[in-house]
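Written below as structure tokens is the structure these notes are about.
The values are calculated or read from the model by the stated rules, or taken from the named source; none is laboratory data. What you see is a predicted model; the values in this text were computed from it and never measured. Virtual Cβ from ideal backbone geometry, glycine too; neighbours counted across all protein chains shown. The protein model used for the area step is the full one, side chains on, heavy atoms only, and it has no ligands, DNA or RNA in it. Shrake-Rupley method; radii C 1.70, N 1.55, O 1.52, S 1.80 Å.
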Amino acid sequence: MTIPVAQRFQPASSAAAGADRIDRVRLTLFRLPLNTAISDAKVLTGRQKPLTEVAVLVAEIATAGGHNGLGFSYSKRAGGPALYAHAREIAPELIGEDANDIARLWTKLTWAGASVGRSGVAAQAIAATDIALWDLKSKRAGLPLAKLLGAHRAAVRCYNTSGGFLSTPIDDLLHNAERSLTRGIGGIKIKVGQPDAAADLRRLETVREHFGDDVPLMVDANQQWDRATAHRLGRVLEQFKLEWIEEPLDAYDAQGHAALADRLDTPIATGEMLTSVAEHWNLIQAGAADFVQPDAPRVGGITPFLRVAALADHAGLRLAPHFAMEIHVHLAAAYPGEPWVEHFEWLEPLWNERLDLRDGYMLVPARPGLGLTLNEDADAYRAERAEITS
Ligand SMILES: [Mg+2]
């Protein structure tokens with residue numbers, strides 16, 4: 001018997017008429033200010049202005065049966081209002097749908113906005129709702145997200161980035177790093193990529209001398225070297241026994257990264273700027289990285305992140321997701337190879353909960369879902385809100 005085309009594209013189960021029917025989507029755009037303006041190499045090379053705030057798009061989804069989920073996406077510098085506007089336009093597509101059919105709903109939302117692409121802002125707007133649906137599903141199962149996905153570990157190695165920006169004087173950087181290590185964070189990443197490479201090396205030498213060889217260190221050039229500079233500095237950096245060199249080259253230079261990864265002993269990490277599975281596949285196929293750094297909000301949510309993780313695992317690569325530790329602690333816990341997560345406290349004003357840190361590891365929350373609830377005080381940062389109902 002042939003199933004008519006129209007029926008093939010009906011919801012996969014009839015539950016949409018019942019308790020799992022999506023009844024309400026609430027979208028909120030927050031603008032979270034940073035305590036101090038920060039700069040990485042992109043500012044020192046004149047490409048960007050210092051970062052003063054993060055725009056966060058929060059999606060809250062509720063079903064007729066009273067289940068609910070929370071997800072978020074974000075933008076640094078421009079893009080927050082565009083994320084919100086695209087999500088606002090496509091969110092009605094979710095009303096009446098079965099909240100369980102996450103992969104189908106990701107595809108539906110992607111087709112709804114296909115004219116503006118399957119990556120970039122469009123993917124990142126979908127991410128907030130996709131992550132909310134995964135949160136909802138794991139809460140409904142009474143499991144932390146990591147457990148729903150199939151966890152390999154209860155805690156993930158973590159390192160701090162927020163204390164090591166180029167706008168931070170070296171004495172403050174050392175103080176920040178000491179504070180991070182005392183809190184139970186296991187590694188320290190510092191920014192490099194200044195026009196004056198000697199200044200980068202002086203900072204790195206100071207940090208290595210101060211903490212000795214046992215503290216894991218990473219550096220991040222934020223795409224500001226050309227190939228020749230990356231090769232020359234990459235050789236100089238070998239002596240520091242770094243965990244990795246991050247984004248030495250332009251995010252889309254897969255061949256350049258591959259040549260670097262081939263020639264250096266220090267692992268190469270990249271992938272945070274990519275916004276689709278296809279872009280990550282290009283990177284992985286080229287052998288461009290030892291560590292892949294997908295970002296669930298940037299790549300379009302947990303649904304595509306899991307595809308990237310499967311490709312990375314198949315290629316035998318390490319995983320170090322970018323930013324959004326609240327989501328990535330779960331996704332990293334479900335990755336077969338030992339991952340790292342990045343500690344950034346910037347989004348903490350939005351949440352009631354804090355992640356536990358111990359002996360160099362971030363503990364996977366035992367609470368169902370992501371284990372996050374919105375703090376009422378976050379209303380002070382609210383820029384936009386829309387309620388979409390049936
Ligand atoms: Mg980075």
Read through the list (1) assigned to a loop (DSSP other than H, G, I, E, B); (2) more than 22 Å from ALA269 (Cβ to Cβ), then give the number of the only condition that VAL215 fails. (2)
Do we have any residue at all in segment 291-312 that's within 16 Å of the ligand (Cβ to nearest atom), out of contact with any Phe, Trp or Tyr (no Cβ under 6 Å at 6 or more places or on another chain) and either assigned by TED's automatic domain parsing to the domain that holds ASN68 or of a type in the set (A, V, I, L, M) (or both)? yes
Considering only residues of segment 345-372 that are open to solvent by 10 Å² or more (accessible area, probe 1.4 Å) and either under 14 Å from the mean Cα position of the chain (by Cα) or not assigned by TED's automatic domain parsing to the domain that holds GLY163 (or both), which is farthest from ALA55 (Cα to Cα)? GLU345
Kindly indicate which of ALA197, ALA177 is among the hydrophobic types (A, V, I, L, M, F, W, C), touching a Leu at 6+ places or on another chain (Cβ under 7 Å) and away from the ligand (no atom under 16 Å from the Cβ). ALA197
Of the residues in segment 98-119, those that are open to solvent by 60 Å² or more (accessible area, probe 1.4 Å) and either in contact with a strand residue (DSSP E or B) (Cβ under 9 Å, 6 or more places away or on another chain) or touching a residue at least 60 places away in the same chain (Cβ under 8 Å) (or both) come to ARG104, ARG118
A careful count of residues in segment 265-289 that are within 16 Å of the ligand (Cβ to nearest atom), part of a loop (DSSP other than H, G, I, E, B) and either more than 23 Å from ARG235 (Cα to Cα) or not aliphatic (A, V, I, L, M) (or both) gives 7
(1) open to solvent by 80 Å² or more (accessible area, probe 1.4 Å); (2) touching a Pro at 6+ places or on another chain (Cβ under 6 Å): which one isn't true of PRO195, the others all being true? (2)
Can you name the condition, by its number, that LYS42 falls short on among (1) more than 24 Å from ALA278 (Cβ to Cβ); (2) open to solvent by 60 Å² or more (accessible area, probe 1.4 Å)? (2)
Could you tell me whether any residue of segment 236-243 is under 28 Å from VAL54 (Cβ atoms) and either in a helix (DSSP H, G or I) or in the same structural domain as PRO339 (by TED's automatic domain parsing) (or both)? yes
Checklist (1) closer than 24 Å to THR52 by Cβ; (2) outside the structural domain of LYS42 (by TED's automatic domain parsing) applied to ALA127, failing item: (2)
Answer yes or no as to whether ILE95 is aliphatic (A, V, I, L, M), surrounded by fewer than 19 Cβ atoms within 10 Å (Cβ to Cβ) and not assigned by TED's automatic domain parsing to the domain that holds TYR335. yes
Report, by residue number, each residue of segment 214-229 that is at pLDDT 95 or above and away from the ligand (no atom under 13 Å from the Cβ). VAL215, PRO216, LEU217, TRP225, ASP226, ARG227, ALA228, THR229
Tabulated pairs, segment 32-55, first within 15 Å of the ligand (Cβ to nearest atom), second among the basic types (Lys, Arg) and open to solvent by less than 70 Å² (accessible area, probe 1.4 Å), C-beta under 6 angstrom, 6+ apart or interchain: ASP40/LYS191; GLN48/LYS42; LEU51/LYS76; VAL54/LYS76
